[in-house]
Amino acid sequence: MNGNFDLILERSLSFLRGMYSCAILELKGYKTINSYECLNICGNKLLTTLELIKNDIPTPKTNIAFTEESSIEAIEKEIQYPAILKPIIGSWGRLIAKLDDHNSASSNLECRESMGNIFQKIYYIQQYVKRKHLEKDAPTDIRVFVIEDECVAAMGRFNPEKDFRSNIAIGGTAKPIEITEKVKKLSLAASKSVKGEIVGVDLMENDGEMQVIEVNGTPQFQGIQTATGKNIAGEIVNYIETKYK
């Protein structure tokens, strides 16, 4: 790559292409947003969870296992049913499963074990956050779009009637929500913990406590832009022009 660039904004939909491109570009002396370090952490749910724990940021109880047997043991002794099984690398809610009992856990784990992708055989098992204490119109989760030290927009996401997942890409809906001081403080702390500059922070309320579920290093913004009416693309451009002029 040749040219006189001040910085490069990474927007690849492919996690690995984006991350490795930034690694190469940084070696050549270019500034990238986000950095390779941030993308590597955010693109791997295990690494994200470790950073959240290290920085005392509340997150649901999570276990990692490497075999079917140890996964079942982790669920039944630590997490309890229902539990959530997630791929450590993945987005848009794909391959996330809710494990309601021993049979569903066993069958889902057996399917993952038969997949050729080695990352599917690293079992990221998370506590299922029950919403029974919340009001009916409360969102399933909250996505906050963070640009450095500012939370520029936030939306509540709602899962479809027959699905527990709220991702917009798979049929979830959204509406704007107020960015409270609690949401702002937690979102900014989560962003800093993963060395983020422009990130999407996902939050859920768990027994009255707001917790960080994930941090996205290449956050899509069509959904939150539509839900809130905020010009997210313009906010990103303004930030870059102001900080890196």
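The values are calculated or read from the model by the stated rules, or taken from the named source; none is laboratory data. Quick caveat, the model's predicted, so the values are computed rather than measured. Cβ atoms come from the backbone with ideal geometry, glycine included; neighbour counts cover every protein chain shown. For accessibility, only protein heavy atoms count, side chains too; no ligands or nucleic acids. Shrake-Rupley method; radii C 1.70, N 1.55, O 1.52, S 1.80 Å.
Data overview
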{"quantity": "Mean Cα-pair separation over length for the range 1-90, i.e. relative contact order, pairs under 8 Å, 6 or more apart, %", "calculated": "22 percent"}
{"quantity": "Label-point separation in nm, MET210 to ALA233, each point 7 Å along Cα→Cβ", "calculated": "2.9 nm"}
{"quantity": "For the chain, accessible area per residue (1.4 Å probe, heavy atoms of protein chains only), Å²", "calculated": "53 Å²"}
{"quantity": "Percent RCO, i.e. relative contact order, over the chain, from Cα pairs under 8 Å lying at least 6 residues apart", "calculated": "20 percent"}
{"quantity": "Pairwise FRET efficiency - ASN4 versus SER104, Cβ, R0 = 41 Å, nearest 0.05", "calculated": "0.15"}
{"quantity": "Computed FRET value (nearest 0.05) for SER114 with SER12, which takes r as the C-beta separation and R₀ as 25 Å", "calculated": "0.30"}
{"quantity": "Charge dipole (debye, nearest 20) of the chain; +1 at Cβ of Lys and Arg, -1 at Cβ of Asp and Glu", "calculated": "480 debye"}
{"quantity": "Protein accessible area in the chain, 1.4 Å probe - carbon and sulfur %", "calculated": "51 percent"}
{"quantity": "Mean projected area in nm² (Cα convex hull; one quarter of hull surface) for the chain", "calculated": "14.0 nm²"}
{"quantity": "Computed label-point distance, nm, for sites GLU150 and SER70 using a 7 Å Cα→Cβ extension", "calculated": "4.6 nm"}
{"quantity": "Ordering of 59-72, 188-201 by burial proxy (mean other Cβ atoms within 10 Å per residue, highest first)", "calculated": "188-201, 59-72"}
{"quantity": "Within the range 1-124: Cβ-based charge dipole about Cα centre, in debye rounded to nearest 20 (Lys, Arg +1; Asp, Glu -1)", "calculated": "500 debye"}
{"quantity": "Relative contact order computed over the range 173-228 (Cα-Cα under 8 Å; 6+ residues apart), in percent", "calculated": "36 percent"}
{"quantity": "Cross-link pairs beyond the 23 Å C-alpha cut-off, checked among LYS175/LYS245; LYS31/LYS243; LYS45/LYS98; LYS28/LYS185", "calculated": "LYS175/LYS245; LYS28/LYS185"}
{"quantity": "THR180 paired with ALA23, simple spin-label distance in nm, labels 7 Å along Cα-to-beta-carbon", "calculated": "4.1 nm"}
